[in-house]
Each structure stands twice: as structure tokens, then as C-alpha cells.
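Here the structure comes first, spelled out in C-alpha cells, and everything after it is commentary.
The values are calculated or read from the model by the stated rules, or taken from the named source; none is laboratory data. Because the structure is a prediction, the values reported are computed rather than measured. Quick reminder, even Gly has a Cβ in these numbers, built from the backbone with ideal geometry, and neighbours come from all protein chains shown. Remember, those area values only see protein heavy atoms, side chains included, never the ligands or the DNA or RNA. Shrake-Rupley method; radii C 1.70, N 1.55, O 1.52, S 1.80 Å.
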Number of protein chains: 2
Amino acid sequence: MNKKAIVYIRLKDGVLDPQGITIQRAILNMGYDAVSSVRSGKFFELEVSGDGGKVEEQIQDICRKLLANPVIEKFTVEYEK
Amino acid sequence: MNKKAIVYIRLKDGVLDPQGITIQRAILNMGYDAVSSVRSGKFFELEVSGDGGKVEEQIQDICRKLLANPVIEKFTVEYEK
């Protein structure tokens with residue numbers, strides 16, 4: 001069965017996010033007052049196929065070993081049909 | 001009212017995604033067979049406050065002018081309480 005796995009990668013709480021800070025400063029400098037903080041993250045959309053349990057195990061492995069840096073990042077996975 | 005705006009930025013369809021291609025190749029080289037394609041994207045979590053309509057207008061402006069490159073990227077915004 002084909003489906004889509006979306007892996008979201010965020011910095012752990014407490015890890016400094018210089019990109020977010022820079023963007024927040026730029027937003028203020030542009031004159032917008034609605035935004036009080038910015039955190040940046042990334043995501044990967046994976047087309048996956050195969051047996052549900054085995055696929056989810058592979059995705060967890062791939063996240064831990066390849067996509068996320070476990071020292072400073074955390075990840076979550078969502079599945080879409 | 002405080003809420004969170006999450007801005008998702010994806011490459012437009014048809015725009016080459018070298019990071020996604022490299023990751024897909026790495027996944028294959030690691031011996032995993034479940035993943036047939038990878039597309040990369042980024043997101044920004046913005047803490048926002050103020051009147052709903054005005055805030056959403058500011059966020060749209062910020063996306064167009066600062067966060068996304070409209071030549072190759074598209075963006076979507078979701079709001080969370």
C-alpha cells in the first residue's frame with residue numbers, strides 16, 4: 001500500500017535557533033508587530049510502500065540514523081493515505 | 001489573543017530537490033526499501049498575537065516578502081490556538 005510519511009524535525013527545547021532569531025528580528029525591522037517569536041524546523045515528505053508495521057519501523061530507523069541529529073533535534077512522523 | 005501560526009514552505013512542483021534526491025539515495029544505500037521518493041521542505045512556528053484578520057494579513061505579507069522565495073517555493077499557513 002502506498003502512503004505518505006511526513007517527518008517533522010524540530011530543535012529540542014532550549015537549543016538556540018539563530019535562524020529563528022534572525023527572522024524574528026527581520027520581521028520587526030520590516031514594521032510588523034504581530035509576531036513575538038519564531039522557531040524554525042524542517043520536514044521531509046516520503047512516499048512509502050509496503051507492510052504497515054515494517055514500514056513504520058524503517059521510517060523510525062531512518063529518522064534516527066539519517067534525518068535528525070538526536071543531540072539537538074527531535075522528530076515526529078505523521079502518515080497520510 | 002495569542003496563537004501559533006505554522007508556515008510550511010515547499011518547493012513548487014517540478015522544481016528539482018537535490019537534498020531530497022540525496023536523502024533518497026542514502027536511504028537506499030543504507031538498505032531500506034520502503035521509500036520511493038523524498039521531498040524536503042521547511043517550516044516556521046510563529047507565536048502571534050493581535051486581531052485575527054490583521055494578524056493573518058501580516059503573516060501572508062511576511063511569507064511573501066521574507067520566508068518564501070516565490071520563484072521556486074510555495075507556502076501554506078495553519079493556525080493553532
Tally Lys/Arg at +1 and Asp/Glu at -1 over every other residue whose Cβ is under 13 Å from the Cβ of A:Ala68; what's the total? +4
Residue-wise HN-Hα coupling along the stretch A:57-66, computed from phi with Karplus coefficients 6.51, -1.76, 1.60 (Hz; x: Gly, Pro): 5, 4, 5, 4, 4, 4, 4, 5, 8, 10
On Cα atoms only, tilt of B:18-29 relative to the major axis of chain B in degrees: 40
Using modelled amide H (1.01 Å from N, peptide plane; none on Pro or chain starts), what sits under 5 Å from the amide H of A:Ser37, excluding residues fewer than 5 places away? B:Glu47
Every other copy gets compared here: list the nm distances from the A:Gln19 label point (7 Å along Cα to Cβ) to its counterparts, shortest first, one decimal. 0.6
Two-site FRET efficiency, B:Met30 against A:Thr22, from Cβ-Cβ distance with R₀ of 41 Å, rounded to 0.05: 0.75
Not counting ligands, DNA or RNA, and with a 1.4 Å probe, what is A:Thr22's accessible surface area in Å² rounded to the nearest 10? 90
Along the axis that rotates chain A into chain B, which residue of chain A has the nearest beta-carbon, and what is the gap in whole Å? A:Lys42, 2
Comparing A:Gly41, A:Gly31, A:Gly52, which has the greatest mean-square fluctuation in the GNM of chain A with Cα pairs linked when under 10 Å apart? A:Gly31
Suppose you put the label 7 Å out from Cα in the Cβ direction; list, shortest first and in nm with one decimal, how far A:Met1 is from each other copy's label. 3.7
What is the distance in Å between the Cα centres of the stretch B:4-81 and the stretch A:34-55? 10
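By the gyration tensor of its Cα atoms, with a ≥ b ≥ c the square roots of the eigenvalues, what is the shape of chain A: rounded for a/c under 1.5, prolate for a/b over b/c, or oblate?
Numbers: a/c = 4.26, a/b = 2.19, b/c = 1.94.
It is prolate, given that a/c is not under 1.5 and a/b is the larger ratio.
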Residues with amide H under 5 Å of B:Glu73's amide H, sequence separation 5 or more or different chain, H placed in the peptide plane at 1.01 Å from N; which? B:Lys12
What residue among B:Arg64, B:Arg25, B:Arg39 shows peak mean-square fluctuation when chain B is described by a Gaussian network model with Cα springs under 10 Å? B:Arg25
Given label points at 7 Å from Cα along Cα→Cβ, what nm distances, shortest first, separate B:Lys54 from the same residue in every other copy? 5.7
